[in-house]
Amino acid sequence: MRRPVIAGNWKMYKTQEETRAFFAAFKPLVPATPDCDVIVAPPFTSLAAAAAAAHGSSITIAAQNAYWEREGAFTGEISVRMIADAGGKAVLIGHSERRQFFGETDETVLKKTKAALAAGLTPIVCIGEKLAEYQAGKTQHVCETQFLAGSNSLTPEEFSRILLAYEPVWAIGTGHTATPEIATAVHKFLRSCAAARFSESLAASLRILYGGSVKPDNIKGLMAQEELDGVLVGGASLDPKSFASIVKDWPR
Ligand code: PGA
C-alpha cells in the first residue's frame, strides 16, 4: 500500500503573517493523524514561519526550489542546507513554472534532486507535457524523457526516496484538470518507466502525485483512481478550508 500524499504549492503567495494565519485556520480542520502525508510548500521567506506554525502537527513543510551547491557566490540562490535549517523537509524540483520561466532543465533537475537527497530532504520531482505536446500526442515521449533524464544516475536507494508529480502544463492554473482517466494512463506509463529503469518493486512503491487544477470539487473523481497516490495542489491550497477539504476527502 502506498501512503497518499496531499501537497500544497503556494507559489509566490503569502507573507509570514499570512502564513501564520493560514496554519491557525488549517490545523484545526485536519485530523491530528491524517490518513495521508500532508505537505505545504510556502515561499522561501515563509519557510521558517510555516515550520514554526506546523510544529507539533504531522504537516511537512517543503520549499519550492533549491540550488545544488552547498554555499558560495551564487547571488539569489538558496541551498538545500538552508532549507533544512529553516525547517523544510522536502523540496519541489522542476516545477513547470521553473522550467518555463526560469531556465530549469532536466540536467538541473537531476543536480537539485541529488543535492536534496544528500541533505535528507524529500525531492518532489515534477514532470509534464505542454499543451502543444499533448495535442501532438507526445505526452508519453515527453514524460519518459523528463523522467529518465531527471532520475539518471540515481541509485535505487536514492530513487526510493523521491516523490514524482505528474503535472500536465495545460492543466496548471487553467481550470482544465486532466480527467481521472488521462491522469491514470500517464501514471501507469510512468510506473512502467520506473520498472524498466529500476525494478518492479521500486516502481510498485513509487508514489506518483497528479497536479493541475485540483479542487475540492474534482478531488473525489481523482481519488477513485488506484493509480493516483495523491495530488499537488496550487491555487486551491491557498485557502485553509478548500485545502483541508481536499485532505479530508482523499482517504479511499
Ligand atoms: P494549480 O497548480 O492547482 O493552481 O493548477 C498546480 C501546481 O502548479 O502545482
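Checked against (1) within 12 Å of the ligand (Cβ to nearest atom); (2) in a helix (DSSP H, G or I); (3) aliphatic (A, V, I, L, M), V247 passes all but condition (1).
Cβ-Cβ contacts under 7 Å between residues 6 or more apart (or on different chains), taken from a first residue in the range 171-186 that is closer than 14 Å to I219 by Cα and touching a residue at least 24 places away in the same chain (Cβ under 8 Å) to a second residue that is within 13 Å of the ligand (Cβ to nearest atom) and assigned to a helix (DSSP H, G or I), are listed as H176/W170; T177/A171; A178/A171; P180/L222; A183/L222.
Counting residues in the range 207-230 that are assigned to a helix (DSSP H, G or I), surrounded by 16 or more Cβ atoms within 10 Å (Cβ to Cβ) and touching a Pro at 6+ places or on another chain (Cβ under 6 Å) gives one or more.
Exactly one residue out of A183, A178 is touching a helix residue (DSSP H, G or I) at 6+ places or on another chain (Cβ under 9 Å), assigned to a loop (DSSP other than H, G, I, E, B) and either among the hydroxyl-bearing types (S, T, Y) or within 16 Å of the ligand (Cβ to nearest atom) (or both): that is A178. From the residues in the range 231-252 that are within 19 Å of T33 (Cα to Cα), touching a Pro at 6+ places or on another chain (Cβ under 8 Å) and of a type in the set (A, V, I, L, M, F, W, C), which one is surrounded by the fewest Cβ atoms within 10 Å (Cβ to Cβ)? The residue in question is W250. For G120, state whether it is touching a helix residue (DSSP H, G or I) at 6+ places or on another chain (Cβ under 8 Å) and within 23 Å of A244 (Cβ to Cβ). No; evaluated as a whole, the condition is false for this residue. Checked against (1) surrounded by fewer than 21 Cβ atoms within 10 Å (Cβ to Cβ); (2) more than 16 Å from the ligand (Cβ to nearest atom), L190 meets all criteria but (1).
Every number here is computed from the coordinates shown, using simple stated rules; none is lab data. Only a predicted model underlies this, so the values are computations on that prediction, with no experimental measurement involved. Methodologically, a virtual Cβ is constructed for each residue, glycine included, from the backbone with ideal geometry; neighbour enumeration extends over all protein chains shown.
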